[in-house]
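Student: Attaching a single structure in structure tokens format; questions to follow.
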Amino acid sequence: QTCHFLSGFMNVEQKHASRRFYVSAAYDATNWSYNSLPIFGTKDDYSDSILAIDALSGTLIPWGGISIEFWQNVGLTPFPYQRVPGSTLAIGLAALNSRTNLSGSIAFLGKSEDGGVQVFKFSGYQANVISDSDIDNIIKSFPTYTDAIALSYLIDSHPMYQLTFPT
């Protein structure tokens, strides 16, 4: 399970294959309800479950296996977020631990609608492919890619994204 603090709220996905994510009360990670009711949102542009929650540049990102949504804090109470219209991507998170910060953005191993697995990086509400066909073919040759683990670092001021495939 993942959790992220954004705009004064803790955010966490519901365990066990759900499209729901929960939001704490403002600046109170011990309170997850309003008038005794849970505070939650539902990722519903696609039918896939939420695998992780992240945030980037003030935007909440619920990651699914076949889609990614973007939500912004619009200041409502008790649920502060609203989906950014037209921003849902038909790209899924291919490996939970492949997400990492890279040059002020997030890079990740993603799966496109056609089933291709590639490395992507967000640019606004778009995900651009940053792997080339050689890297894509290497990834495709592995028996599994879902356990990939990423890290990022700098070499001579150049951002690097590294994936390890334990299996």
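Student: Within region 1-42, find all residues whose amide N lies under 11 Å from a label point positioned 7 Å from the Cα of THR77 along Cα-to-beta-carbon.
Tutor: 26
Student: When only DSSP loop residues count, what trypsin sites (Lys or Arg not before Pro) in region 52-145 have their Cβ near at most 15 other Cβ atoms within 10 Å?
Tutor: Details: sites: ARG83, ARG99, LYS111, LYS121, LYS140; in loops: ARG99.
Loop-located and lightly packed - none at all.
Student: Order HIS16, HIS4, HIS158, most accessible first, counting only protein heavy atoms with a 1.4 angstrom probe. Could you put the intermediate results ahead of the total?
Tutor: On the way: HIS16 165, HIS4 55, HIS158 115 Å².
These residues rank, largest area first, as HIS16, HIS158, HIS4.
Student: Sequence gap at least 6, Cα distance under 8 Å: using those rules, report the relative contact order of region 1-155 to the nearest whole percent.
Tutor: Details: 339 pairs, mean separation 22.2, N = 155.
So the answer I get is 14 percent.
Student: Which of the listed residues, ASN101, PRO85, TYR145, is farthest toward the dipole's positive end in the chain, when Lys, Arg count +1 and Asp, Glu count -1 at the beta-carbon?
Tutor: PRO85
Student: Hey, another quick one. Only helical DSSP H runs with n ≥ 4 go in: add -39500 (n - 2.57) per run for the chain, normalise by residue count and round the 222 nm mean residue ellipticity to 500 deg cm²/dmol. Could you put the intermediate results ahead of the total?
Tutor: On the way: 1 runs with 9 residues, N = 167.
So the helix-based figure for the chain works out to -1500 deg cm²/dmol.
Student: Shifting gears a bit: Quick one: Cα centre-to-centre distance for region 27-50 and region 130-167, in angstrom?
Tutor: 32
Student: Tell me which label goes with the value of Kirkwood radius over Cα pairs in Å computed from the coordinates here: (i) 17.7; (ii) 16.6; (iii) 19.4.
Tutor: Given (i) 17.7; (ii) 16.6; (iii) 19.4, the structure-derived one carries the label (ii).
Student: How far is it, in nm, from the label point at ASP114 to the one at LYS140 when both lie 7 Å from their Cα along the line to the Cβ?
Tutor: For the pair ASP114/LYS140, the computed spacing is 0.9 nm.
Student: Next question, about the same structure. For LYS111, go through the aspartates and glutamates and keep the ones whose alpha-carbon is under 18 Å away, minus same-chain ones fewer than eight residues off.
Tutor: ASP45, ASP48, ASP54, GLU69, ASP132, ASP134, ASP136, ASP147
The values are calculated or read from the model by the stated rules, or taken from the named source; none is laboratory data. From a predicted model like this one, the values you see are computed outputs, not experimental measurements. Note that we place each Cβ from the backbone using ideal geometry, even for glycine, and neighbour counts take in every protein chain shown. Please note that ligands, DNA and RNA were not included when accessible areas were found on the heavy atoms of the full protein model with its side chains. Shrake-Rupley method; radii C 1.70, N 1.55, O 1.52, S 1.80 Å.
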